[in-house]
Amino acid sequence: MPITGRICLITDTHIPTTLNQEALTSSGKMRTSCLSFLIWGLQRNFKRFSRGDKNLNQILILLILILPFSAFGQTDDGDSSESDPTQDTDSRPAATLEAIIVEAERFEKRPQRTLSGDQLRRATGSAGDAIRGITRLPSVGTVNDFMGALSIRGGAPADNLFYFDRLPLGYPYHLLGIVSVVSSEVIGKVDVYPGGFGAEFGADSQAVIDIHSRPQKLESLGWLDGTLKPSFIYSEAFLSGAFSWQEEPANDGPTDSPDSTTGEKPASTDQEFLENRALPGQGYWYAFGRRSYLEPFFELASTLVDLEDVVRKVPRFWSYQLKGVYKLNDAHGIVLNAVTAYDASDLQLGSDEVHDSDLRGPLSSENPFDVQGIHFYSRLLPQFRSILSFTRSFTEKELAFGEGYYYRTAASVYALRNDFTYTTSPENTDDAVEFGYLLSSTPSTVISHGAYRPEEGDPDREFRIWHKLKRVNATETRNLHRLDGYLQARQNLFTPKVSGTLGMRASYFNLTDNLSLQPRAQLGFSLPRGAFLSFNYGRYVQNPRLDQFVLGVTPNASLEQSFATHYVLELKQTLPLGAKVNIAGYYKTLRDLIIYNKDEKQYQNGQEGFVRGFEVSLGHETETFEGWVAYAYTVSKRRDFPEKFHRFYTYNSPHVLTVATSYSTPQELLFSVPLIDTLDISAKWQYQSGILYASLVGRTPFTNFRTKEKKWRPLHGEWKRTPPYHRLDLSLRLQLLGDVEDQGWELGLALEVWNVYNRNNILEVRYSRNFTEEKPVSQLPIIPFVALTLEF
């Protein structure tokens, strides 16, 4: 049975190969196919074009010449050496043999990690939130217990790009990490590209989290099915149903079954459903909603901690999802989907929270986003697929604090994305050409009253812009345009045991008026004993944000793109007892990173850095047991300006060790237990290096030139780390009332305990009011969690 997204982070695919009489008695003609490339014009990167021509009379030219060809080695039609059974005395009657099915297991050759939705929902310490379960991967971690934002291979959360069924997500988590925006119930799998990925991705990202919803089973869907999940801080509901104008039942096979025509497994779960599971006139829909009610939680917390002077209004959030999938005919299908979310909070900052009087007072934040899309899935030829997407998204970030400080960014992105895949041979799906484009127009607005985003690595956490005793204000509205295109080929080289991928992505962004070229490549080797070794290379570009162009005392209109180059060496191995090991080493160079220069009070391309590290994971799974061990070592450093020294990056955690295990009680042991249908027990222990903080070595008096206050200013020493972080989580999951399942009802209960031994892990280190001592702030203590699920 094919397995997708098992614990070893590898997608296993079984490829059936049938040897029949026709193949065995063929005339000996041999057919091979290959793909070669000639790439012309990539000797050097394109230089900056002139900015002065508003009519865009300068033409950006990129020529990539691709020459695919097929070579057919055949014997001549009149070749007398071809054996004729009727004339050759040595010939024997052709024997009719039974078909032989050969099952061959191989690793996913792309540089990705695939985790199934069920696997993520069961992850201990995630409270059933599938996106939080991604942290089981090595080199993927959250910033802290409160924030779900991911740091991948020493990078920042802003380096990650999230897609949900081809919709770009404005942000993945409510209130920075309470719960993910998308419903965990609909997630079928998550493909994580931690680095070195191909040309199909790369718009302003160094890591991609591609989330796919699971196709609904048409035969099991009624006119209305649903799930209710109440909890202490929010409740959510999920409704789904089928619509069909086709009486003949669809083939409701497994989601990871290979394509019946080419033997290739579609990457998208929607594409797999439309091609392999639905008949013309069939489809399904679902709707999801979630709303918070944190008031009881804050009332309880107020009995333990004084929150009345800090919380003006209880934080609130909600999110909704809609999706419809319909197969138009044998070659085409359509998908409509939408996601919307909203976060808001109102706090009150006093002298205990901030030192400067002009920052004290209300702190209000609102962060809405919504995205809608329509996607056309087409099979233009048996070997030629197309996915065309029209999407519209809106994202807003608004922050008001202190004495009139205000920061707001808003952007509406209208995008057209088209991806094509052509498989050169139905018998050999390793040979393929992929190409596509992305066009987007983004009306954007930036409003600032003396504020900008806080910079990573600044011990003072300054985010105010003043000049000559006046607050610097800015309001700017522009229309941003982007044009991306890519071309990529995958092919076996000389032998099926050696594979290669060569691709190029080109991107034009009107703010920088630059055309950037981003080559991507992979060389893979299938080794004995089920091993696969690959080397991946990629160059990635991140464009400046609009606020970086317009904020500052003297805004910098000459900002350039930032560049990252990835080198990844990876080995995947299946051990004799079925356990699987994954070893990867990586190195990244970073240049022209954008940073705010506090002396010149403007954004500049002044930062550079590097990341190096390795990761090892070992996993084993049986029908009732799952075990997992992962370790990652990462060094991530930045140099803010050429005259500065390299420092550790704030999000760098050199050592991360994760040990996880789970046990599912066999059904035969539960027959005698009333009310309990299934029982799963799991545990996870994680260790990682402590967080970085600027040590306090002294203080010096100064007078605030704006408020005339006489205050103390901290003197910072070397950057230090807090004691290591470690935590044990336990989970117990039960499926109850099995007798009523036949009536269409299911009841689930999940019990989790986080930080079982109540480890005092440090969230951050602050300073006392007069900068006389360091004051560590703790993360979560021991926390019990209970969730109830009702399905009908």
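Out of SER444, SER412, SER425, SER448, I need the residue that is in contact with a Pro (Cβ under 6 Å, 6 or more places away or on another chain) and hydroxyl-bearing (Ser, Thr, Tyr). Which one?
SER412
Output yes when any residue across the stretch 660-668 is under 22 Å from the mean Cα position of the chain (by Cα) and either assigned by the TED database to the domain that holds TRP719 or assigned to a loop (DSSP other than H, G, I, E, B) (or both), and no when none is.
Within the stretch 660-668 (the criterion being under 22 Å from the mean Cα position of the chain (by Cα) and either assigned by the TED database to the domain that holds TRP719 or assigned to a loop (DSSP other than H, G, I, E, B) (or both)), the answer is yes, since at least one residue qualifies.
Which ones in the stretch 593-607 are of a type outside the set (Phe, Trp, Tyr) and either more than 24 Å from the chain's Cα centre (by Cα) or not assigned by the TED database to the domain that holds TYR540 (or both)?
ILE595, ASN597, LYS598, ASP599, GLU600, LYS601, GLN602, GLN604, ASN605, GLY606, GLN607
Would you mind stating whether SER636 is of a type in the set (Gly, Ala, Ser) and in a strand (DSSP E or B)?
So SER636 fits the description; yes.
Taking the options GLY170, GLY198, GLY188, name whichever one is of a type outside the set (Ser, Thr, Tyr) and closer than 22 Å to GLN488 by Cα.
GLY198
Give the residue, chosen from LEU388, LEU359, LEU381, that is open to solvent by 50 Å² or more (accessible area, probe 1.4 Å) and either under 22 Å from the mean Cα position of the chain (by Cα) or among the hydrophobic types (A, V, I, L, M, F, W, C) (or both).
So the residue among LEU388, LEU359, LEU381 that is open to solvent by 50 Å² or more (accessible area, probe 1.4 Å) and either under 22 Å from the mean Cα position of the chain (by Cα) or among the hydrophobic types (A, V, I, L, M, F, W, C) (or both) is LEU381.
Give the residues of the stretch 771-781 that are among the hydrophobic types (A, V, I, L, M, F, W, C) and within 29 Å of the chain's Cα centre (by Cα), sorted by residue number.
Passing the criteria: only LEU780.
Could you tell me which numbered condition GLU623 fails, if it satisfies all but one of (1) closer than 24 Å to ILE134 by Cα; (2) in contact with a strand residue (DSSP E or B) (Cβ under 6 Å, 6 or more places away or on another chain); (3) open to solvent by 20 Å² or more (accessible area, probe 1.4 Å)?
Tallying (1) closer than 24 Å to ILE134 by Cα; (2) in contact with a strand residue (DSSP E or B) (Cβ under 6 Å, 6 or more places away or on another chain); (3) open to solvent by 20 Å² or more (accessible area, probe 1.4 Å), GLU623 fails exactly one: (2).
Considering every residue within the stretch 404-412, establish whether at least one is within 30 Å of TYR603 (Cβ to Cβ), in the same structural domain as THR475 (by the TED database), aliphatic (A, V, I, L, M) and surrounded by 16 or more Cβ atoms within 10 Å (Cβ to Cβ).
yes
When you scan the stretch 205-220, how many residues do you find that are outside any helix (DSSP H, G or I) and crowded, with 18+ Cβ neighbours inside 10 Å?
Looking only at that region, the number is 11.
Within the stretch 462-490, how many residues are open to solvent by less than 70 Å² (accessible area, probe 1.4 Å), of a type outside the set (A, V, I, L, M) and either within 20 Å of GLY436 (Cα to Cα) or not assigned by the TED database to the domain that holds PHE535 (or both)?
Summing the residues that are open to solvent by less than 70 Å² (accessible area, probe 1.4 Å), of a type outside the set (A, V, I, L, M) and either within 20 Å of GLY436 (Cα to Cα) or not assigned by the TED database to the domain that holds PHE535 (or both) in the stretch 462-490 gives 6.
Mind checking whether some residue in the stretch 692-700 is modelled with pLDDT of 90 or more, among the aliphatic types (A, V, I, L, M) and open to solvent by 50 Å² or more (accessible area, probe 1.4 Å)?
Yes, the stretch 692-700 has at least one match.
Looking only at the stretch 154-193, filter to residues that are outside any strand (DSSP E or B), farther than 25 Å from ILE233 by Cβ and out of contact with any His (no Cβ under 9 Å at 6 or more places or on another chain); which one of those is most open to solvent (accessible area, probe 1.4 Å)?
ALA158
Would you be able to tell me the number of residues in the stretch 530-548 that are in contact with a Pro (Cβ under 8 Å, 6 or more places away or on another chain) and surrounded by fewer than 21 Cβ atoms within 10 Å (Cβ to Cβ)?
2
Does at least one position in the stretch 304-315 carry a residue that is within 28 Å of ASP370 (Cβ to Cβ) and modelled with pLDDT of 85 or more?
yes
Counting only residues that are more than 30 Å from GLU185 (Cα to Cα) and open to solvent by less than 60 Å² (accessible area, probe 1.4 Å), how many does the stretch 771-791 have?
Within the stretch 771-791, residues that are more than 30 Å from GLU185 (Cα to Cα) and open to solvent by less than 60 Å² (accessible area, probe 1.4 Å) number 3.
Out of everything in the stretch 759-770 that is more than 31 Å from the chain's Cα centre (by Cα) and not basic (Lys, Arg), what residue ends up being surrounded by the most Cβ atoms within 10 Å (Cβ to Cβ)?
TYR767
Please indicate, with yes or no, whether at least one residue in the stretch 585-594 is among the small types (Gly, Ala, Ser), surrounded by 20 or more Cβ atoms within 10 Å (Cβ to Cβ) and either within 19 Å of ARG505 (Cβ to Cβ) or modelled with pLDDT of 95 or more (or both).
No, there is no match, as no residue in the stretch 585-594 is among the small types (Gly, Ala, Ser), surrounded by 20 or more Cβ atoms within 10 Å (Cβ to Cβ) and either within 19 Å of ARG505 (Cβ to Cβ) or modelled with pLDDT of 95 or more (or both).
Taking the stretch 461-483, which residues are in contact (Cβ under 8 Å) with a residue 24 or more places away in the chain and more than 35 Å from the chain's Cα centre (by Cα)?
Answer for the stretch 461-483, where residues must be in contact (Cβ under 8 Å) with a residue 24 or more places away in the chain and more than 35 Å from the chain's Cα centre (by Cα): TRP466, HIS467, LEU469, ARG471, VAL472, ASN473.
Quick one: what pairs do we get from the stretch 774-792, first residue of a type in the set (Lys, Arg), second not in a strand (DSSP E or B), C-beta under 6 Å, 6+ apart or different chains?
LYS775/SER768
The values are calculated or read from the model by the stated rules, or taken from the named source; none is laboratory data. Remember, predicted model here, so these are calculated numbers, not experimental data. So basically every Cβ, Gly included, is an ideal-geometry build from the backbone, and we count neighbours across all protein chains shown. To get the accessible areas, we keep the full protein, side chains included, count just its heavy atoms, and leave off ligands, DNA and RNA. Shrake-Rupley method; radii C 1.70, N 1.55, O 1.52, S 1.80 Å.
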